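All of the numbers you see were taken from the coordinates with simple rules; none came from a lab. Computed from a predicted structure; not experimentally measured. Methodologically, a virtual Cβ is constructed for each residue, glycine included, from the backbone with ideal geometry; neighbour enumeration extends over all protein chains shown.
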Amino acid sequence: MDKEFIELFKGYEGDFGMADMSNTSLDTDKNKIKPNYEWAGRPVTNSDYLNHLQGKKSIGIQPCRVDKTAQFGCIDIDPPDYGTFKIENYLALFQQYKLPLVPILSKSGGLHCYIFLKEAIPTVDLIEALKAFLLPLGLKPTTEVFPKQKELQKDDKGDIKPGNFINLPYYDNGNSNRYAVDKNNSKLSVEAFIKFANESKIDKETLDKLVEETHSNILVGTNKEFDDGPPCLALCSKTKLDDGRDRFMYNYMVFAKKKYKDKWPDQVSAANYSYLESPWDKAKLDLKIKAWKGETAGHTCYEDPIKDKCMRSLCYKRPFGVKSDSISVFPEIQDFEMITYAEPEYRFNVIMPNDDKIQVVITNTKLMTTQKEVLNLVWQQTGVYFEPLKPKDFRAKLNEWRRNGQKITPPKGTQIEDRLEEELFQYCINGPQAHQRSQIHNGSCYTEEGHHYFRFNSFIEHLGNGWKIPEEKIAQKLKDKCNVEFDHSLNVDGKTLKVCKVVQLHVDKIEYKPVVRKESNY
């Protein structure tokens, strides 16, 4: 059983995620439990999977492998309110659309919809398939799908950046709330889940056909005018619009300029009456057409009424879809993470017109909160300089990203505070030891009655030149992290010496017992 479970969730093996279930917080907006997340910083082993099943350590796996393939994926249904969330509707939709998804309750009470492949397939194809299933399930195009990355990137040192992981089910053998259910919403044991998952496996050819059928079924009843344009506009054409008229007409204008060239004003006039429940009056229509005769930006894919109808991968393939926009509006940003280094680092994915995700890393808060700097860094990574937002809209985006983002704790021992704590231990325990107080002047650490005493300058010399942090910051971190007392008065040879004082650091000792020989070995 264990081997079968591991085989189902084989992904990137160079690292794995961990969720500290003993250190959780409650997102009161969504009534959602949020643990502390971190990367392990080492390759995953079979023992890690087994510890997960045994409830010793909750782990997560990046589905995307080094060779740009994946054999499992997931749609993460994150409801607005977890307290009132019901999954029965989704189970019915799985059956209605014959989607090969395995429903598993998430740690927070939402739903992870897994798909398992008979063989690993290109990650890009798996992501496209999962996104094709969103609209039939009534989910927003921004719903998270895993893998999030189509391929794993490398950092400046050539090391692989692991990207994003998905928490695995059946923590503690399903005794937590992370377990699969059948079509009747009945809990499945881990053995029954493995059997269900293996029976649900699908090959690439069948998956491709299912995606094509899904696209066709969604677009039934739309106006043929949009067969070569954005599918979102086609979906809006099913019924006449009452809400979102201005945004629809703006996006129709962008489409019409590309498709109808000089005749676009006539088409916009016709669309006003064909697609709106309450058309604009002639004065407003003429005013809009006059304003749009100048240069205009591209489609506003992230605004109502089209944002929840987005079929980006299909749109990108069409002649007059989003790919043909000459000017790119402010991009959609997903998968926002804050890495809690001493100076926080920010990572997010920019969604490109072809639905590619390109990761951008911003190294400090000042850059992250300055729109011009964000756009400059996005341009460096994507090659596209996007149109800026109004200042108030950018501030709103910052708040949204931070509110919905994920906080990641670096691997233990890698942060500055952890390294300083280790250096303090090495200095006080393994460094030069003073046998009398006066030897503190020579850079040694003096230990007496449960405390270490040393000069701060001596500790700085111990650190060497590799630390590029100002001394005052080092002092503050020693005070906050290690409870080092500064300016302690110590009597040395009748004079007062200002030193650092810290509670004695302990190390496990092995008692030495000399060997007593009863007789000669010779």
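Miscellaneous remarks
- Computed lengthening from D266 to D304, 0.36 nm per intervening residue step minus Cα-Cα distance: 11.3 nm
- Dipole of the chain, positive end: most advanced residue of S106, Q95, N376 [Cβ charges, Cα centre]: N376
- Charge dipole (the stretch 419-503, unit charges on Cβ, about Cα centre) - positive-most of F456, Q426, V492: F456
- Kirkwood-type hydrodynamic radius, the stretch 2-217: 17.6 Å, calculated from all non-identical alpha-carbon pairs.
- Residues whose placed amide H lies under 5 Å from that of I408, excluding near-sequence neighbours: M338, I339, T340
- Placing a pseudo-label 7 Å from each Cα along the Cα-to-Cβ vector at D228 and Y273 gives an inter-label distance of 2.5 nm.
- The helix-based estimate of mean residue ellipticity at 222 nm for the chain, built from -39,500 (n - 2.57) per DSSP H run of four or more residues and divided by its residue count, is -9500 deg cm²/dmol to the nearest 500.
- Taking the longest Cα principal axis of the chain as reference, the axis of helix 204-218 is set at about 50 degrees.
- Projecting label points 7 angstrom from Cα along Cα→Cβ for D281 and I460 puts them 7.6 nm apart.
- Here r is the Cβ-Cβ distance between I429 and E400 and R0 is 51 Å; the resulting FRET efficiency, rounded to 0.05, is 0.60.
- Angle in degrees between helix 471-482 and the longest Cα principal axis of the chain, rounded to the nearest 10: 90 degrees
- Among the listed pairs K68/K183; K258/K293; K261/K288; K238/K390, those whose Cα-Cα separation exceeds 24 Å are K68/K183; K238/K390.
- Exceeding the 30 Å Cα-Cα cut-off - candidates K284/K307; K57/K148; K240/K372; K284/K317: K240/K372; K284/K317
- Highest average packing first - 196-202, 145-151, 165-171, 103-109, Cβ atoms within 10 Å: 165-171, 145-151, 103-109, 196-202
- Amide H to amide H, with H built 1.01 Å from N, S237 comes under 5 Å of N223, counting only residues 5 or more places away or on other chains.
- Burial ordering of S58, S458, fewest other beta-carbon atoms within 10 Å first: S458, S58
- Rg and Dmax of the chain, Cα atoms only, in Å: 30.0, 116
- Angstrom value of the Kirkwood radius, inverse mean 1/r, which spans all Cα pairs in the stretch 419-503: 13.0 Å
- Of all DSSP-defined beta bridges confined to the chain, some 85% are antiparallel rather than parallel.
- Estimated FRET transfer efficiency when R0 is 51 angstrom, pair T496-A342 (beta carbons, to 0.05): 0.90
- Peptide packing: for 264-275, 488-499, 183-194, the average count of neighbouring Cβ atoms within 10 Å per residue gives the ranking 264-275, 183-194, 488-499, highest mean first.
- Extension gain for E449 to N354 (0.36 nm times residue separation, less C-alpha to C-alpha distance): 27.4 nm.
- Taking K98, K157, K407 and counting other C-beta atoms within 10 Å, the order from fewest to most: K157, K98, K407
- Karplus-derived 3J(HN,Hα) values for the stretch 330-347, using 6.51 cos²θ - 1.76 cosθ + 1.60 with θ = phi - 60°, are 3, x, 7, 10, 10, 6, 6, 10, 10, 8, 7, 6, 4, 9, x, 10, 10, 10 Hz; glycine and proline are entered as x.
- The stretch between D156 and Q476, if pulled fully straight at 0.36 nm per residue, gains 112.1 nm over its current Cα-Cα span.
- Here the label points at N198 and N442, each 7 Å from Cα along the C-beta direction, are separated by 7.1 nm in the simple model.
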